[in-house]
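Only the coordinates and a few stated rules stand behind these numbers; no lab work does. Source: prediction; values computed, not measured. Here Cβ is always computed from backbone atoms with ideal geometry, including for glycine, and neighbour counts include all displayed protein chains.
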Amino acid sequence: MAMMTRKSFDAVVIGAGFAGLYALRKLRDDCGLSVSVLEKASDVGGTWFWNRYPGCVSDVETYAYCYSHDKALFQDMPITSRYTKQSDVLAYLKGFAKRYDLYRDIQFNTRVISASFNEATNRWIVRTESEELHAEYLVTAVGVLSASNVPNIPGLDRFKGEWHHTSRWPAEVQFDGKRVGVIGTGSTGVQLTTAIAPLVKHLTVFQRTAQFSVPSGNGPVSKDDADNIKKDYAKIWDEVSKSSLACGFTESVTPAMSVSDEEREAVFEKAWTYGGGFRFMFGTFSDLIVNEQANQVAQKFLRKKIAKIVKDPETARKLTPPGLYAKRPICDSGYYEIFNRSNVSIVDIKAHPIEEITPNGMRTADGVEHDLDMIIFATGFDAGDGNFKYLNVHGRESVSLSDAWKEGSNSYLGMASANFPNMFMVLGPNSPFTNIPPAIEVQVDWLAELIKHAKKTGARVIEAEREAEDQWGATCQSIGETILLSKIDSWIFGGNIQGKRVGSLFYLGGMVNYRAKLDEVKHKGYEGFRIN
Ligand code: FAD
Ligand code: NA7
């Protein structure tokens, strides 16, 4: 058996996506800590390393789906299209790591298998398959949408064709001449199917729940427009910090039913033409996700659009969601249109669930055998706390994080948990639900200040108090209950995973309120933390 090597650092960070890279930069270069980042992938990027499926693109505009903390970095960032495609985000994050000399402190192909807090030394022991690392601080940056959900459908092992999950996409996939089945119609399924419909012999979309989607309005950005965006650096990030969603556009303050039917229709139409899922849900009216009547008028508008686009009425019926417009908003580059192609068909697997995967394809409950050469799972993620299940973290008195979260995962402010001293989570459970890079910066900056404060006072332990953590969980839960997103199953509340407890996984109170809470906690001497 190979010898287990031991190393010691001030901080160990797990994950090298947006969060882990920024944590490394901040803790090493600003706080002066020795830091080691452990990443199971072979390069940086996180989401954008793993999700290489055709059509993969952000749905927050390029100018806001990036770091904001360095003006020069922003000025140097290529802005060539309205949204930023997977390969461009990956290149951006690789460039970030090179620019700030981060690679030297990242160990790739290294999966963390456990982490435990040693109460005698107040240090964390982090284990990989071949090493043991000791550190004062443990920072988890393991991603909220990164633990793949591969449904357990009987027969997959007997399938003679190839199969892939979109979040573990291999380098080369040939579609030419193939009959492809895609399970899942969330953001990923919609992007993927739209991209591959023209490439495959036949595409069968296996849909469990129909999704409302609006046009993305994606397209090239000219050099002049990009230059103008860059001149607005201060304005953009000021607006982001003062908004709820941090997406870089002005959110509506007008309730939907406060205007006439004609005005409302015009507002929806303008948003549909301009494009953008978040813009449609939050830029048109202020209350689409809190007021059922407002939500219904949006549903009605979107249903009319589907009926107009999709030529076959039966296909249109299947594609039309019967209920609330209350999943994470999504957008597309011609999704409903692909169903007018003769090589695309849809199977309603709520009506006729998939019974098994056969050597030649899939059999649904109506007895139909769907012949396939390839199956693609666009079935999403065990979101929020999913990755923590594989981390095997133990805190005080060897209590495990999984036990601590048995009744539902939680953390104080999305970043710390009682009994897990000196462990900080970037985007832990009950972190803000917003455009993600700005939320990462807010949390990492705040944690860096907290660590500096503790160092100044000579404290060796920073630990969330149980009561503060419970209160934060209750706040997140009660805000969640007022929002229509909690009324339907989706990854935002854990309802997409069979057997998972449904409850708050995010703080849905918006970025402005979240920042205000962080300021308040800090100004009250880090209220809710025990620092000694
Ligand atoms: P990740 O990028 O998920 O990185 C986590 C890293 O941790 C991974 O590299 C993983 O390999 C590593 N890791 C996990 N466990 C271990 C372990 N045990 N040992 C070692 N390493 C480990 N968000 C938006 O705000 N806007 C968008 O438009 C948007 N589009 C998206 C599109 C797709 C297809 C997906 C999947 C997500 C999208 N997201 C979007 C969410 C996206 O995940 C975040 O925006 C962001 O990239 C998250 O960064 P992160 O560093 O927190 O996590
Ligand atoms: P989502 O939004 O969770 O979508 C997953 C899709 O897969 C959705 O249509 C699910 O149907 C479907 N699904 C999941 N499990 C199954 C099973 N067991 N059988 C059939 N169908 C299933 O994940 P995405 O990857 O599309 O998007 C996640 C986020 O990543 C997205 O919001 C962006 O931020 C990027 P359901 O609706 O649950 O009935």
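Observations, loosely collected:
- Computed over the chain, the P(r) curve from all C-alpha pair distances, binned at 20 Å from the origin, holds 21, 55, 23, 1 percent per bin.
- Ignoring lysines fewer than eight residues from Lys223 along the same chain, the ones with Cα atoms less than 16 angstrom from its Cα are Lys231.
- Cross-link pairs beyond the 31 Å C-alpha cut-off, checked among Lys456/Lys517; Lys26/Lys487; Lys318/Lys487: Lys26/Lys487
- The stretch 1-141: radius of gyration over Cα atoms, expressed as a fraction of 2.2 N^0.38 Å: 1.14
- When each of His523, His165, His352 is scored by the number of other beta-carbon atoms lying within 10 Å, the sequence from fewest to most is His523, His352, His165.
- Calculated Rg and Dmax of the stretch 443-489 using C-alpha coordinates, Å: 16.1, 48
- Residue-averaged [θ]222 nm for the chain, counting only DSSP H segments that reach four residues, each worth -39500 (n - 2.57): -9000 deg cm²/dmol
- Asp176-Lys98 FRET efficiency (beta carbon distance; Förster radius 30 Å; 0.05 resolution): 0.25
- Links that overshoot a 25 Å alpha carbon limit, given the list Lys455/Lys524; Lys40/Lys350; Lys94/Lys201; Lys40/Lys389; Lys85/Lys327; Lys270/Lys300: Lys40/Lys350; Lys94/Lys201
- Annotation note: trypsin sites (Lys or Arg not before Pro) in the stretch 370-434 located in DSSP loop regions with a Cβ neighbour count of at most 11 within 10 Å are Lys406.
- Under the span-like rule (Cα at least 30 Å along the axis, Kyte-Doolittle mean at least 0.0), DSSP H helices of the chain: 436-457
- A simple spin-label model places pseudo-atoms 7 Å from Cα toward Cβ; at Lys308 and Gln471 they are separated by 5.1 nm.
- Packing-based exposure ordering (other Cβ within 10 Å, fewest first) of Val347, Val512, Val144: Val512, Val347, Val144
- Using the alpha-carbon positions of the stretch 1-53, Rg (one decimal) and Dmax (whole number) come out as 13.2, 39 Å.
- Sparse-neighbour loop sites [trypsin sites (Lys or Arg not before Pro); the stretch 281-323; at most 13 other C-beta within 10 Å; DSSP]: Lys311
- When Asp403, Asp445, Asp105 are arranged by Cβ crowding within 10 Å, least crowded first, meaning fewest neighbours, the order is Asp403, Asp445, Asp105.
- Sequentially through the stretch 372-388, phi angles give Karplus couplings (6.51, -1.76, 1.60; θ = phi - 60°) of 9, 9, 8, 10, 10, 8, 10, 9, x, 9, 7, 7, x, 9, x, 5, 5 Hz, Gly and Pro residues having no value and appearing as x.
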